[in-house]
Structures are given as C-alpha cells and as structure tokens.
1. Being of a type outside the set (Val, Ile, Thr), away from ligand 2 (no atom under 16 Å from the Cβ), at pLDDT 95 or above and surrounded by 14 or more Cβ atoms within 10 Å (Cβ to Cβ) is the requirement here; does GLN41 meet it?
2. Name every residue in the stretch 118-146 that is basic (Lys, Arg) and over 25 Å from VAL182 (Cα atoms), in order of residue number.
3. Applying the selection to the stretch 67-104, what residues are of a type outside the set (A, V, I, L, M, F, W, C), assigned to a strand (DSSP E or B) and in contact (Cβ under 8 Å) with a residue 12 or more places away in the chain?
4. I need the full set of residues from the stretch 21-46 which are assigned to a loop (DSSP other than H, G, I, E, B), touching a Leu at 6+ places or on another chain (Cβ under 8 Å) and under 18 Å from TYR156 (Cβ atoms), in order please.
5. Just checking, which of ASP188, ASP164 is acidic (Asp, Glu), in contact (Cβ under 8 Å) with a residue 40 or more places away in the chain and crowded, with 16+ Cβ neighbours inside 10 Å?
6. Considering only residues that are under 12 Å from the mean Cα position of the chain (by Cα) and part of a strand (DSSP E or B), which ones fall in the stretch 152-200?
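The values are calculated or read from the model by the stated rules, or taken from the named source; none is laboratory data. Just so it is clear, the structure is predicted and the values come from calculations on it, not from any experiment. Quick reminder, even Gly has a Cβ in these numbers, built from the backbone with ideal geometry, and neighbours come from all protein chains shown.
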Amino acid sequence: MEKINESKALVIVDVQYDFLPGGALAVSEGDEIIPVINELQEKFDLIIATQDWHPESHQSFASSHLGKTPGDLIDLHGLDQILWPDHCVHYTKGAQFAAELNQTSWDSIFQKGKNPEVDSYSGFFDNARRGDTGLGDYLQSKGVKQVYIVGLAQDYCVKFTALDSQSLGFETYLVTDATRPVNLSEKDGDLALNEMKTAGIHLIESGEL
Ligand code: VGL
Ligand code: ZN
C-alpha cells in the first residue's frame, strides 16, 4: 500500500482492554475499530499511541469518593469531573493495548492520567491544561503538519485529543469509522462530532485515505 508522506501522523487513542467490550469502561462495538486501524496503519510512516494510565485511587474514580457512583459529577480542584468506574489502572490487564491491534510499527507511546489529582482526556494536556505529555513537541520535532485521530472514546479522549491537536496548529482529521463513543447520554457521540467539526477538524472515513 502507498505510504502517505511523512508530514502526516496517525494518533491511536486509548485502544485498551478496559475500553473494549467486557472491559471496566466498555465502549460498545469498540473492538470493531481494530481491523480498521490496522489497515490504516499501513498508510502512515509515523504512528503514535496514547495510553490511559492511572494510579490506583485516581480522583476520577467514583471509588475514590465516599458515597459516589460512576456517572456522578463532582468538582475536582475547580474542574467539573465525571466519575468513572476504576479503569486503566497502571500495569493491569485493563490498561494494556488490545493484542489484536498491530503495534509493530509504532514510533512512540504517550501515557496520560498519571497525576491522581487531575483527569486527562487529551493525549496532549491534562484537563487543567497544566500537565503536558510532550506529544505536541514530539509531533512538531518530526515535522508533522497533519494529524489523523482514531480510537476510543469518540466523546471523551478522542474528542479532546483532536481539539488540542487542532488548537496547536496541526491540520486535524478524525477518521469516523475508526472511533466509537461511550455515549453516557445517547447523543454524546453525535454532539462530539459536531463540536469537532465546528472547531475546523475534518471528518473523514478510512476509505478516503
Ligand atoms: C477515557 C474516560 C476516562 C477515554 C479515559 O479514553 O475516552 N474516558 N478515561
Ligand atoms: Zn481514564
């Protein structure tokens, strides 16, 4: 397959067991994107993965707050925080990448969510926009101009990664058949698509690449 020139990077967001069917924070049909991503990878010379990587007792976990359950909303150090089931606890199986996902051509992995006091949906910055994973500088140092985003979940980590990518000046593409929403509310996935489109992110299908 023809490789796209090197100014393009593929960013694979959080394709980890806890976000797949049977996982702690399962995205329905999340597994269906894996073959699509594997085929897409052949078209990129630069491939990056992000990995949600939380310590036990992360403050985004409902279990860290007495009397709270997943889906509850709290104020966490001044930021709205949705509380999640325990997920992607570092070094556990749930935090591992799906074995079916081809990892042989990956150039780098950026972990996020390590600070227990702040959640981190984006692969670039934490939700307070203080912590920086280094992904932006890394892409810049490689001469990347266009960033293609795939992975989970469309309405959280994919959306915020795409919005940060676009705001950092990368021409950003969301590959819509290579992502799925968690849909805490049934319209969340569609709302996320609209939000990304409004921000100037290109919505494309894998067949267009
Ligand atoms: C994610 C909620 C909490 C995601 C990660 O990868 O979309 N969502 N942590
Ligand atoms: Zn998380």
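1. Details: of a type outside the set (Val, Ile, Thr): yes; away from ligand 2 (no atom under 16 Å from the Cβ): yes; at pLDDT 95 or above: yes; surrounded by 14 or more Cβ atoms within 10 Å (Cβ to Cβ): yes.
Criteria met by GLN41.
2. Pass one, the stretch 118-146, residues basic (Lys, Arg): 129-130, 142, 145.
Those that are basic (Lys, Arg) and over 25 Å from VAL182 (Cα atoms): ARG130, LYS142, LYS145.
3. Of the residues in the stretch 67-104, the ones of a type outside the set (A, V, I, L, M, F, W, C) are 67-72, 75, 77-78, 80-81, 85-87, 90-94, 96, 100, 102-104.
Remaining after also requiring assigned to a strand (DSSP E or B): 75, 80-81.
Selection gives GLN81 alone.
4. Keep residues of the stretch 21-46 that are assigned to a loop (DSSP other than H, G, I, E, B), which gives 21-29, 42-45.
This time we only want the ones that are touching a Leu at 6+ places or on another chain (Cβ under 8 Å), so: 26-27, 43-44.
Listed by number, the residues that qualify are ALA26, VAL27.
5. Details: ASP188 fails: in contact (Cβ under 8 Å) with a residue 40 or more places away in the chain.
Every option except ASP164 fails the conditions.
6. Scanning the stretch 152-200 gives LEU152, LEU174, ALA178, THR179, ARG180.
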